[in-house]
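Visitor: Okay, handing you the structure first.
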Amino acid sequence: ANTLWNDCLDTLTGQYKAIRHLHKVIMADPVETLKSYTLYGCLLCGVVLTKIGKFTITSNLNLRLQCCLAASTMFSALFTCSMNHPQRLYDFGEYVPVEIWEGVNIFADPYKCSVLDLLEGLHFASSYLMANERFLEALPMLSLYEYAAYHIRRDPKLTALARCLRARALCGVGNLPGAARLLCATIQGENVPGVQNSNDRIPLTPDDVIGPDIKTFEFLPAELPGSTANKPVIDFIMSTELSSVLEGIYGTHVMDQLQVARATFLFTLGQVPNQWNNTTPLTGRPKEGDEASGEQEGIALKGAMTLCEGIINSIESRSVIGTEGEGG
């Protein structure tokens, strides 16, 4: 498989041993990349790079990271075909396209590019980049991930999973308002695609998922995390439980990923970089009147720890059940 995937990459790029020259792909201009490799060339190169990075590279972690970065460059080049798409990496944080190429269904022929292979590669590469704190480079892939999951596959689990990953990436780049909006929408099941019912996919109504009303919250970046204006959205993300219907739709794995995303948001609010807002630079002592802010940040950290403990308990309980099942 490694030999065939490398031969495929050499054929697509027109360069012998292309895996050794990934730095050229990473540093290339996205517009020129699309001109050089065309639409399906970029798609296939990205998919092949993620397969090589995921399945064949185990010891050279730097090369695996380069494969993911090169795949990000290939996937980002797809969005240079139209000015309707963002051109800066940061702008992909809250952007999900309706179509990639105007008037063209790029997944109409599964033999040109399999959407399942694409989703698998996007999940691996974006997760690996975020694990290495390359959040900006992960944003275009997460945007493409949600597009393929929502508009092409119409899969509620993959859509929710993409949104959870995107919320964590938004926290990584410091876009807390965007992360808050995305988490609130995911918790309430807003705009969830249809679910499998027999041989057909039926749309969900808001009443089936969250009741008749969708609550909207806004995190104000101009205010301190612990200000009274931001308390409602923090409390909602920290303590709101999902409906049983929505929890059944998402499944166990997506629910765990949602808890991780919520904990990441709360950790980001209460972590050390926020302490400068509450201290005097010359003395290092707390500013007067900011005790409530520090208290709220502490509450956010405690909420994050509670969510993490819940994830651990959930994993342990499933492990015990699995062990008992094997023993029986």
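Visitor: Out of all the residues in the stretch 145-154, is one or more within 20 Å of Ala179 (Cβ to Cβ) and not hydroxyl-bearing (Ser, Thr, Tyr)? First the steps, then the outcome.
Guide: Taking the stretch 145-154 first, the residues within 20 Å of Ala179 (Cβ to Cβ) are 145-147, 149-150.
Those left that are additionally not hydroxyl-bearing (Ser, Thr, Tyr): 146, 149.
Yes, the conditions are met somewhere in the stretch 145-154.
Visitor: Assess whether Ala71 counts as being open to solvent by less than 20 Å² (accessible area, probe 1.4 Å), among the hydrophobic types (A, V, I, L, M, F, W, C) and either in contact with a Gly (Cβ under 7 Å, 6 or more places away or on another chain) or under 30 Å from Cys184 (Cβ atoms) (or both). First the steps, then the outcome.
Guide: On the way: open to solvent by less than 20 Å² (accessible area, probe 1.4 Å): yes; among the hydrophobic types (A, V, I, L, M, F, W, C): yes; either in contact with a Gly (Cβ under 7 Å, 6 or more places away or on another chain) or under 30 Å from Cys184 (Cβ atoms) (or both): yes.
Answer is yes for this residue.
Visitor: Do we find that Phe55 is in contact with a His (Cβ under 7 Å, 6 or more places away or on another chain) and either at negative phi or open to solvent by 40 Å² or more (accessible area, probe 1.4 Å) (or both) in this structure?
Guide: Values: in contact with a His (Cβ under 7 Å, 6 or more places away or on another chain): no; either at negative phi or open to solvent by 40 Å² or more (accessible area, probe 1.4 Å) (or both): yes.
Spelling it out, it is not the case that Phe55 is in contact with a His (Cβ under 7 Å, 6 or more places away or on another chain) and either at negative phi or open to solvent by 40 Å² or more (accessible area, probe 1.4 Å) (or both).
Visitor: What about Asn62, is it open to solvent by 60 Å² or more (accessible area, probe 1.4 Å), in a helix (DSSP H, G or I) and of a type outside the set (Phe, Trp, Tyr)? Give the steps one after another, and end with the answer.
Guide: Values: open to solvent by 60 Å² or more (accessible area, probe 1.4 Å): yes; in a helix (DSSP H, G or I): yes; of a type outside the set (Phe, Trp, Tyr): yes.
Taking the combined requirement at face value, the residue satisfies it.
Visitor: In addition: Here is a list: Glu241, Glu223. Which entry is at pLDDT 70 or above, open to solvent by 80 Å² or more (accessible area, probe 1.4 Å) and either more than 18 Å from Ala160 (Cα to Cα) or in a helix (DSSP H, G or I) (or both)? First the steps, then the outcome.
Guide: On the way: Glu241 fails: either more than 18 Å from Ala160 (Cα to Cα) or in a helix (DSSP H, G or I) (or both).
Being at pLDDT 70 or above, open to solvent by 80 Å² or more (accessible area, probe 1.4 Å) and either more than 18 Å from Ala160 (Cα to Cα) or in a helix (DSSP H, G or I) (or both) holds for just one of Glu241, Glu223, which is Glu223.
The values are calculated or read from the model by the stated rules, or taken from the named source; none is laboratory data. Values in this document were obtained by computation on a predicted structure and should not be read as measured data. Neighbour counts run over all protein chains shown; Cβ positions are idealised from the backbone, glycine included. When the accessible area is computed, the model is the full protein with side chains, heavy atoms only, and any ligands, DNA or RNA have been set aside. Shrake-Rupley method; radii C 1.70, N 1.55, O 1.52, S 1.80 Å.
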